[in-house]
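Taking it in order: structure first as structure tokens, then the write-up.
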Amino acid sequence: MTDNDTKDDDTPPPSSEQESSQSHNTTGDTVIQDIDESGDPHEADRTKPDEDIETWMAQQSDTGGEDTETGDTGDSNTTETDITNTSETTETDVTASSETAETDVIDTSETGVNNPPNADTSHSRDRSSTRFDFNKMLETDEESENKGLFDDLLAGEPIFENKEVLRPSYTPHELPHRNDQINQMATILVSALRGETPSNILIYGKTGTGKTASAKFVSQELESTSQKYDVPCEVQYINCEVTDTQYRVLAQLANKIIDQNRAAIESRLEYLSERLDNITENNTEFDTVEFDHIDRSFDSLSALEQRIDELESDRAEMEPVPMTGWPTDRVYSTFFDAVDYRERVVVIMLDEIDKLVEKSGDDTLYNLSRMNSELTNSRISIMGISNDLKFTDFLDPRVKSSLGEEEIVFPPYDATQLRDILQHRADIAFKSNALSDDVIPLCAAFAAQEHGDARRALDLLRTAGELAERDQQDTVLESHVRQAQDKIELDRVVEVVRTLPTQSKIVLFSIILLEKNGVHNINTGEVFNIYKRICQELDADVLTQRRVTDLISELDMLGIVNAVVVSKGRYGRTKEISLSVPIDETEAVLLSDSRLGDIDNVQPFVQARFDN
């Protein structure tokens, strides 16, 4: 006995209602409705006429009629082909077929269409259960889209451990080959730790010889030692290349010292307020409260309260100086009061002091050098740093005598000394084995060829490291140093001249020709005459004289020429023009232009001039 026979024996015969339902299903309209509800894939058959539908029904009955005659409903999900099933079974099949529609293939084991009893349906089930992970794919695409501009650059390992060590602003803990100068400064300033006025110091030396770094190093040591021994001593640094007027120097000094005074007052008020609260809130006897050596003179509670009121009043009166708007004498008075507020020694370090004298004269130095005769509580010492050995020649004799009490000269570094400096900084700045053996000697040799500029050597080493890092190299090579040398050598003025428009280059070349032929105090008319001849030579458009005057003003703004409007009396006003850049280098850059390179020797025609 087969499985089908067993099922037929167990299945009850169809009822009269089921028979009537089967008889009704033989009509074409009912069949179309059942097929539509069951979601049968043969959608094209829906549009067939009734005759075609009856033919299709007969074919289906030939394949599955045996089960229909015995009333076999098959599996609960097999009514897609068993058209003679009841309407209830059809509803179940609709649900089953909608569930199986979610899979990529139709599971024939569930639909029962021509499915053998022992058919292997595992393959169909595996395919229906396997699904593509679209979320994972979207996340991967999203990560690739979110990859920014700097992600690739950050992917490589950096060469630098601490790049700031190679900056000019960095003050090292040790300065090789400057021990003599440092010890000389220390012996002069040690008197400040004894409460005495140190001598004024002038420090000379070329750029990159360690003047500022050594002075800052000594200043840090001075301040740390003063805190160690509880001696009021401080150093105030001013860069006179930026702060180049008397008003600005005095205002910046005043504001720095006012901030320090206010901080000291805040600290003192907090200390005294704690003791006052201890007396008033805890009913502590005044005699049992201990004060430090500054305020041991308090003999009563009213004296303590009076001192607190005085400190609060002093704090309110300390008004910062605005950077503009006050008379200079008021700024000086505010600075004087701030310095003399409490006992201390102030060392004022004026870096690039020659820029201050060049811009605003020696009034600032005169006032600062004469303050000690008027101060009561504090003392002032001046430390000037300059690249110009002769700037004191322009000082008032009284200022010169008081300012230049001590002079220290910093000689240029040689190649061996530069190598030691670079090695000392490279050990901190770079990771281990990041430099090839010939990098530091080559940087030292390039810097020593000029004038022993340690700043230039440090810039060269830092730039070489940056170039290697951009190439995503693990080691800085000799080629990177040579590239860095070429990069630094690219002068700003040369680059500006190279990128000028053609008409501006012709105007500049006209000025160069006039100066090379011995013409001084060149005026606009002379430049225009040579300009016209060069334009004719080059077959270029000739601009008007007014437009040429505008181009000269643009060159003046760029710092390439110096143009000053002067009056010639009855002959009117004109511009006197002179070059501000090296003539040979500028001419070579201009002639490198393909158009200007074709100029023949154009001898300038200088018109007769009436010099007033």
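The ellipsoid equivalent to the alpha-carbon distribution of segment 355-447 has semi-axes of 42, 17, 11 angstrom, derived from the gyration tensor eigenvalues as √(5λ) and listed largest first.
Here segment 506-574 is treated as an ellipsoid with the same Cα gyration tensor; its semi-axes, largest first and in whole Å, are 19, 14, 13.
For segment 467-578, the solvent-accessible area of protein heavy atoms averages 54 Å² per residue (probe radius 1.4 Å; ligands and nucleic acids excluded). For segment 402-459, a Kirkwood hydrodynamic radius built from all Cα pairs, placed in the Stokes-Einstein relation at 20 °C and 1.002 mPa s, yields a translational diffusion coefficient of 171 µm²/s. Simple point charges give the picture: +1 on the Cβ of Lys and Arg, -1 on the Cβ of Asp and Glu, and for segment 425-504 a dipole about the Cα centre of about 260 debye.
Dipole magnitude for segment 374-442: about 200 debye, using +1 per Lys or Arg Cβ and -1 per Asp or Glu Cβ, origin at the Cα centre.
Shape analysis of segment 146-264 yields a ratio of the Cα radius of gyration to the Kirkwood radius, Rg/Rh, of 1.10. Entry comment: accessible area of segment 316-396 is 48 Å² per residue, from protein heavy atoms only and a probe of 1.4 Å. When the charge dipole of segment 295-415 is built from unit charges on Cβ atoms (+1 for Lys and Arg, -1 for Asp and Glu) and taken about the Cα centre, the candidate among PRO322, LEU389, GLN306 whose Cα reaches farthest toward its positive end is LEU389.
Counting only protein heavy atoms and a probe of 1.4 Å, the accessible surface of segment 443-500 is 44% carbon and sulfur. Could you work out the percent of alpha carbon pairs in segment 445-496 separated by over 19 Å, rounded to a whole number? Result for the distance tail: 30 percent. Each of MET557, MET323, MET318 has its accessible area taken with a 1.4 Å probe; listed largest first, they run MET557, MET323, MET318.
Beyond 24 Å, what share of the Cα-Cα pairs of segment 419-532 remains, rounded to the nearest whole percent? So the portion of pairs separated by more than 24 Å is 47 percent. Beyond 16 Å, the tail of the calculated P(r) for segment 324-398 holds 56 percent of the Cα pairs.
Evaluated at q = 0.09 Å⁻¹, the base-10 log of the normalised Debye intensity for segment 245-403, with identical point scatterers placed on the Cα atoms, takes the values -0.43. Legend: residues LYS216, LYS568, sorted from most to least accessible area (1.4 Å probe; ligands, DNA and RNA excluded), read LYS216, LYS568.
The values are calculated or read from the model by the stated rules, or taken from the named source; none is laboratory data. Computed from a predicted structure; not experimentally measured. Every residue, glycine as well, gets a Cβ built from its backbone with ideal geometry; the counts of neighbours run over all protein chains shown. In case anyone asks, the SASA skips ligands and DNA or RNA and just uses the protein heavy atoms, side chains included. Shrake-Rupley method; radii C 1.70, N 1.55, O 1.52, S 1.80 Å.
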